[in-house]
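In what follows, a single structure is set out as structure tokens and then discussed.
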Amino acid sequence: MTLSFLSPSAALVGLLAFAGLAARARSERRSRELCAVLGLPPRRRLSLLGSGVAIALVGGLLALAAAQPVIANVSPRSGRTDAEAVFVFDISRSMLARPSPAAPSRFDRARQAAVEIRSSVPDVPAGVASMTDRVLPHLFPSIDGQAFSATVARALGIERPPPDRFGRGRATALGLLAALADRNFFEPSARHRVAVVYTDGESLPVDSAALRDRLEAGRVRVVFVRVWRSDERVFDANGRPVAAYRPDPESGPALAALARQIGARVFDESQTSEVVAAVHAALGHGPEGPQGRDLQSRQLAPFAVLAAGVPLLFLLWRRNF
């Protein structure tokens, strides 16, 4: 376990405590002078010590909080050595469709569902990829669940990067999922390989036979999760439906047919438990071994701020009573 500071120079804010102590000393000197003039006994010096210590504690604790102390602990992680999963996200513009301008889009719902599914297999290295008319890796399979969540939340975006067919109709090409089989998306040691594909199914035509052959050669099993509703539209910045887009009711049957032809399964986005069961069945059981190290950290700044409230309350109490 190690202690580090994210912004050590910010601790200089604690110097303000010296200004507080100087002001307190000046005020006390004037108070004693006034007591001498009026013939009143001055306050005991021991009582002054408590206020000075309280001011110093407030300054010190706020300085500690400003420096952002972090306790980090690195521990070894173990996981499946024979299995990996890759979560593939359709990032074409149709994934922006939603029931209303304020509702979550297909893409947002897919990301949320993927994090939930990934958490159900914490011992399996999982990666992230995006898909339009090409499949691109964003995170190679890792046991680190935080890296997965961060990649899904921050690295993915609609048409980021834009497809080669940008502005020329549909961009999603499910047939290019074949790249998962032989483009190093999985480690060679992974005998059990699962691709969980989040898409609305609105794809360019697919050569299902060629896709099936390559996926079988690469030992990749596919689980489709269809994120689609018939009442959804793509809205512009002003909240108006984009006239160029209409949900394709034939995309569902087409995706189901493709799944049958390549030996895959397709689920609706609402079937979370069924998706989890399918992923578990595809991964099976296998040996576990070292899978790198896990970094766990905790920020101490909030605790320092709360602790500073104790001497601050003492100062307020002394002032009022």
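Table for the structure above
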read-out: Out of Ala259, Ala243, Ala254, Ala210, sole residue that is more than 20 Å from Thr132 (Cα to Cα) and either touching a residue at least 40 places away in the same chain (Cβ under 8 Å) or in the same structural domain as Met131 (by TED's automatic domain parsing) (or both); value: Ala243
read-out: Pairs with Cβ under 7 Å, 6+ apart, first in segment 262-289 and closer than 17 Å to Thr199 by Cβ and assigned by TED's automatic domain parsing to the domain that holds Glu116, second part of a helix (DSSP H, G or I) and of a type in the set (Ser, Thr, Tyr); value: Ile262/Ser208
read-out: Filter result (assigned to a loop (DSSP other than H, G, I, E, B) and aliphatic (A, V, I, L, M)) within segment 223-253; value: Val227, Val234, Ala237, Val242, Ala243, Ala244
read-out: Count of residues meeting criterion [more than 14 Å from Gln112 (Cβ to Cβ) and in contact with a helix residue (DSSP H, G or I) (Cβ under 9 Å, 6 or more places away or on another chain)] in segment 145-160; value: 4
read-out: Extreme residue, farthest from the chain's Cα centre (by Cα), among residues of segment 125-150 that are surrounded by fewer than 21 Cβ atoms within 10 Å (Cβ to Cβ) and in a helix (DSSP H, G or I); value: Gly145
read-out: Condition check for Arg111: out of contact with any Phe, Trp or Tyr (no Cβ under 6 Å at 6 or more places or on another chain) and either among the small types (Gly, Ala, Ser) or assigned to a helix (DSSP H, G or I) (or both); value: yes
read-out: Some residue of segment 180-193 being part of a strand (DSSP E or B), closer than 27 Å to Ser120 by Cβ, touching a helix residue (DSSP H, G or I) at 6+ places or on another chain (Cβ under 6 Å) and among the charged types (D, E, K, R); value: no
read-out: Check on Pro122, in a loop (DSSP other than H, G, I, E, B) and farther than 17 Å from Val275 by Cα; value: no
read-out: Selected residue (criterion: surrounded by the fewest Cβ atoms within 10 Å (Cβ to Cβ)) from residues of segment 50-108 that are acidic (Asp, Glu) and under 15 Å from Tyr198 (Cα atoms); value: Asp108
read-out: Restricting segment 298-310 to residues that are surrounded by fewer than 13 Cβ atoms within 10 Å (Cβ to Cβ) and of a type outside the set (A, V, I, L, M, F, W, C), the residue that is farthest from the chain's Cα centre (by Cα); value: Gly309
read-out: Any pair with Cβ under 9 angstrom, 6 or more apart, that starts in segment 113-127 at a residue that is more than 24 Å from Asp200 (Cα to Cα) and ends at one that is surrounded by 15 or more Cβ atoms within 10 Å (Cβ to Cβ) and among the aromatic types (Phe, Trp, Tyr); value: Pro125/Phe140
read-out: Among the residues listed as Asp133, Asp164, Asp90, Asp108, the single one being under 27 Å from Ala210 (Cβ atoms), charged (D, E, K, R) and modelled with pLDDT of 95 or more; value: Asp90
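The values are calculated or read from the model by the stated rules, or taken from the named source; none is laboratory data. Since this is a predicted model, take the numbers as computed values, not measurements. Every residue, glycine as well, gets a Cβ built from its backbone with ideal geometry; the counts of neighbours run over all protein chains shown.
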